[in-house]
Amino acid sequence: MAEHGHPPKHHYDASMLSVEEALERILSYMPELDAEEKPILDAMGQVLADDVVSDLDIPPLDNSAMDGYALQATSVETASEGSPVVLRVTGVIAAGQLPEISVGPGEAVRIMTGAPVPEGADTVVPFEETDELERRASGQGLSEIAIKVAAKTGRDVRVAGQDVRRGEVVLKRGAVLRPSEVGVIASLGRNTVRVIRKPVVGILSTGDELLEPGENFGTGGIYDSNSYSVAALVRRYGGIPHMLGIARDNLDSVNAKLREGLESDILITSAGVSKGDYDMVKDVLTQHGEIDFWSVRMKPAKPLAFGVLTAPDGRKVPHLGLPGNPVSAMVAFEQFGRAAIYKMLGKAGIEKPQVRAILDEPIHNTDGRRVFARAVVTKRDGEYRARLTGEQGSNLLTSMARANGLAICPEDLSRKEAGEVVDVQMLDWPEEVF
């Protein structure tokens, strides 16, 4: 047995494309889509198509950060708890109300949080540092107020333009809209924004044996899970899934579904890309464009197809052909489909997030491909740990359902031993772990 840190080397098949080579080829065909104007809340998760420039100061005026009294700092420079300074109260200013009074020496104005600071005032003293409560309890009016602290100039005053200046680029093109960005845009008085539109992703499964979920189960048939798992991934990563249903193993069916799929921004098919698969799907795809069929140095999901189809209106539609096994389809989508959607959305940082984790059991690599093993990542004693989800067959979809990550054994290693550290692509970021 090899010692940890020195696993046996594999001589992998150099005729296969590496994951990186396949990804580079795919992304080279992916355009950034055009922009659309959307309500800001509906644009969550999308990418700004333009810089957002403010045409106002935020806040527009100096305003109070507290409920209290606006006054001149020089009026209370000798004030203390034991020797408060009494000031004359000349008015009240509520939030949203423009002050019509000014503050002079020995004066104060009662002010609410967010209300504009009146002319002449340069500081705000909170209610708690005055005798307001005592005055109210004793039935006294608030024509005067005792200030119990020596307040410094600028205390609890939000300066005009402190957050945003007129003419400032507040958000840059390419920023992804999160709740905070949505709030910033709303603070500028805007209710719509220009963003890169979401790609419409045509999703097609092929095969006479497939049944739609909800149909009566028949002998020899299997339910189509690939369309639904891929559609869910498309939606998760920001695309709009267009479910095309199932193409049967005849020319009319495949052609009809394909024509419908060419109305999308990208077409994703599953099955029909392996060397041993029925060739009709390949033949029909090739008739509509240029398709390459690849072997990628990865496990699962070695067979992959990619190319460009020509729509009836002349548009070029990228096509990604995933393997038919359900785990293979999902793993291939995580490596290539996700990145393609991100590129079309204009998103930067297409790499999946990874952690370094200690293996609880070995990963075996029998044929010199990069293994993506379904794993559960947990955190124990400050370290990430990864255990496999059980049998790793590419037909076992429940192995993906149990996983929150894909533990990687590189193609040039025959195994990763228990106790070794591996890279794990995270499928999810469970709060209890992170």
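The values are calculated or read from the model by the stated rules, or taken from the named source; none is laboratory data. Since the model is a prediction, treat every value here as computed from it, not as a measurement. Don't worry about glycine lacking a Cβ; one is built from the backbone with ideal geometry, like all the others, and counts go over all protein chains shown. Ligands, DNA and RNA are stripped out before the accessible areas are found, and what is left, the full protein with its side chains, is counted by its heavy atoms. Shrake-Rupley method; radii C 1.70, N 1.55, O 1.52, S 1.80 Å.
Projecting the Cα positions of ALA407, THR286, THR153 onto the charge dipole of the chain (unit charges on Cβ atoms of Lys, Arg, Asp and Glu, taken about the Cα centre) puts THR286 furthest along the positive direction. Electrostatic tally near ASP51: other residues with Cβ closer than 12 Å to its Cβ, Lys and Arg +1, Asp and Glu -1, net +1. Packing-based ranking of 226-235, 13-22, 38-47 yields 226-235, 38-47, 13-22, ordered from highest to lowest mean Cβ neighbour count within 10 Å.
When shorter helices are ignored and each DSSP H run of at least 4 residues is given -39500 (n - 2.57), the per-residue value for the chain at 222 nm works out to -4500 deg cm²/dmol.
List, in the order given, every pair from LYS257/LYS299; LYS299/LYS416; LYS299/LYS343 whose Cα-Cα distance in the structure shown is over 20 Å. Where the Cα-Cα span goes over 20 Å, the pairs concerned are LYS257/LYS299; LYS299/LYS343.
Taking label points 7 Å from Cα along the Cα-to-Cβ direction, GLU215 and ARG194 give a separation of 4.6 nm. To put it simply, the accessible area of the chain at a 1.4 Å probe is 50 percent carbon and sulfur. For the chain, the Cα gyration tensor yields ellipsoid semi-axes of 63, 28, 18 Å (square root of five times each eigenvalue, largest first, whole Å). Per residue, the accessible area of the chain comes to 48 Å² when a 1.4 Å probe rolls over the protein heavy atoms. A viscosity of 0.692 mPa s and a temperature of 37 °C, combined with the Kirkwood radius over Cα pairs in Stokes-Einstein, give a translational diffusion coefficient for region 191-246 of 255 µm²/s.
How much of the DSSP bridge set in the chain is antiparallel, in percent, rounded to the nearest 5? Percent antiparallel among DSSP bridges in the chain is about 70.
The relative contact order of region 300-378 comes to 22 percent, based on Cα pairs under 8 Å that sit 6 or more residues apart.
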